[in-house]
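Asks: The structure follows.
The values are calculated or read from the model by the stated rules, or taken from the named source; none is laboratory data. This is a predicted model, so every value here is computed, not measured. All Cβ positions, even for glycine, are placed from backbone atoms using ideal geometry, and neighbour counts span all protein chains on display. Only protein heavy atoms, including side chains, enter the accessible area calculation; ligands, DNA and RNA are left aside. Shrake-Rupley method; radii C 1.70, N 1.55, O 1.52, S 1.80 Å.
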Amino acid sequence: MGKALKIGITCYPTVGGSGVLATALGVDLARRGHEVHFISYERPFRLPPDAPRLHFHPVLINDYDLFKYPDYTLPLSVKMAEVSRDCGLDILHVHYAVPHATAAILARSMLPSDQRPRVVTTLHGTDTTLLGRDAGYGPAITHALACSDAVTTVSAWLKGETQRVLGTGCPIDVIHNFYEPRPALRMRDEVRAELGVKEGEVLIVHSSNLRPLKRIDLLLATAALIRPTNSFKLLVLAGGSFAPFVDEVRRLGLADRVVVREKVTDIEDYLQAADLGLITSDTESFCLSILEAMAFGCPSVATSVGGIPEVIDDGITGLLAPIGDPGALALAVQSLITNPTRRAAMGQFARQSARLKFTAGAIVPLYEALYRRVCG
Ligand code: GMT
């Protein structure tokens, strides 16, 4: 290993793919001997409390009456500059461009030239696909990318979208997401019993923040079409409130099929108990939750959108279905419910693919090489 680096990481600390990935990256970098400083408004929820070389610096947000909208970007940039100076950071690595990349560029310009860290921006998805299209954000994102020392995207698809939507000519490295499963704490049978999964039923898992682009309406419409109706339970691991969907569950006659667990932190316990994943998103730049399921030998049925085909090899590690078609999704799910041998084989390939292509061991060295490249 080369010289240990001092790396600042900024991400959203809440339940969501970009923060989860950034936290896992920081944890692994610290394990590899680097000094890692998280800078955010709250401690990322998956950050272990006492790991060596891992530090957390909270950003205090103002509460002035004179502001109608509290500002986060400026206090964040001031904290980034302060941590960079006091801890001698080599790198500021920001996950999700808005507002983190702009804050990092500002922080860097507050410092004397010999104390300036290199800025690495990782785009995760909606920072390009949603905010990049917004006239109130797009130019600021393009500017922050142009001023970054390196830009990465979590899939080749997102790289193409970033170039297309933002018209940016800056070089972009594609570094896929990774997942390092923690051991489950409970037995598979115990978790299935807790969820009320009966003998012979297939446990389908959907894990997401339930935002509109995850298409929970389509997820439930798909579940309502699966035959036989009593062949499965659908577990929703919800990163947000499921309350807005409860009426629809009842209307579709799914009350005895759908089990919800909100804000779960021990996802591994549930993933090892599942048989099949189901993702119905309108758009996804990678879909970390498919990878999390794959790591537990659980193949997914998913809409063929965005970067998902880079994660699932259709017909080998899972099944892809056209966007917005609950009939096709239900048929794909049914084909794996009724064929446990094929499901198990796909699960084995899914686990192998996760281990080969998408572990910390495969991916984190790519970030380290990038850091060393920008540090010269
Ligand atoms: O949509 C989410 O689940 C959260 C969001 C985020 O930024 O936290 O996810 C995005 O980043 C994840 C990690 O890189 C990707 O796996 C998701 O596909 C991506 N979501 C979208 O692009 C819609």
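Asks: What about Val20, is it outside the structural domain of Glu268 (by TED's automatic domain parsing), in a strand (DSSP E or B), under 18 Å from the mean Cα position of the chain (by Cα) and not basic (Lys, Arg)?
Replies: Values: outside the structural domain of Glu268 (by TED's automatic domain parsing): yes; in a strand (DSSP E or B): no; under 18 Å from the mean Cα position of the chain (by Cα): yes; not basic (Lys, Arg): yes.
Considered against the rule, which asks whether it is outside the structural domain of Glu268 (by TED's automatic domain parsing), in a strand (DSSP E or B), under 18 Å from the mean Cα position of the chain (by Cα) and not basic (Lys, Arg), Val20 comes out as no.
Asks: Any idea which of (1) without any contact (Cβ under 8 Å) to a residue 60 or more places away in the chain; (2) among the β-branched types (Val, Ile, Thr); (3) closer than 26 Å to Gly239 by Cα is the one Thr283 doesn't satisfy?
Replies: (1)
Asks: Something else now. Among the residues of segment 276-287 satisfying the criterion of being buried (at least 24 other Cβ atoms within 10 Å of the Cβ) and of a type outside the set (Gly, Ala, Ser), which is farthest from the ligand (Cβ to nearest atom)?
Replies: By that ranking, first place goes to Leu276.
Asks: Mind listing just one residue for me: the one in segment 298-341 that is assigned to a loop (DSSP other than H, G, I, E, B) and hydroxyl-bearing (Ser, Thr, Tyr) and, of those, farthest from Ala273 (Cα to Cα)?
Replies: Only one residue fits best here, namely Ser304.
Asks: Please note which strands (runs of 3 or more DSSP E) are completely contained in segment 169-275 and include at least 2 residues that are open to solvent by less than 10 Å² (accessible area, probe 1.4 Å). Before the answer, list the steps.
Replies: Values: elements: 172-174, 202-208, 232-238, 258-262.
Here the list reads 202-208, 232-238.
Asks: Kindly establish whether Arg116 is in the same structural domain as Cys11 (by TED's automatic domain parsing), of a type outside the set (Gly, Ala, Ser), open to solvent by 60 Å² or more (accessible area, probe 1.4 Å) and within 16 Å of the ligand (Cβ to nearest atom).
Replies: Values: in the same structural domain as Cys11 (by TED's automatic domain parsing): yes; of a type outside the set (Gly, Ala, Ser): yes; open to solvent by 60 Å² or more (accessible area, probe 1.4 Å): yes; within 16 Å of the ligand (Cβ to nearest atom): no.
Criteria not met by Arg116.
Asks: Output the residue which, of all residues in segment 1-27 that are within 16 Å of the ligand (Cβ to nearest atom), open to solvent by less than 10 Å² (accessible area, probe 1.4 Å) and of a type outside the set (S, T, N, Q), is nearest to Asp50 (Cα to Cα). Before the answer, list the steps.
Replies: Initial filter on segment 1-27 (within 16 Å of the ligand (Cβ to nearest atom)): 9-27.
Retained after the next criterion (residues that are open to solvent by less than 10 Å² (accessible area, probe 1.4 Å)): 9-11, 13, 19, 21-23, 25-26.
Next, only the ones that are of a type outside the set (S, T, N, Q) stay: 9, 11, 13, 19, 21-22, 25-26.
Numbers: Ile9: 17, Cys11: 19, Pro13: 17, Gly19: 19, Leu21: 19, Ala22: 18, Leu25: 16, Gly26: 13 Å.
By that ranking, first place goes to Gly26.
Asks: Then there is this: Out of the residues in segment 93-149 meeting the condition of being out of contact with any helix residue (DSSP H, G or I) (no Cβ under 7 Å at 6 or more places or on another chain) and of a type in the set (S, T, N, Q), tell me which one is nearest to Gly376 (Cα to Cα).
Replies: Step by step, filter segment 93-149, then rank; the result is Ser113.
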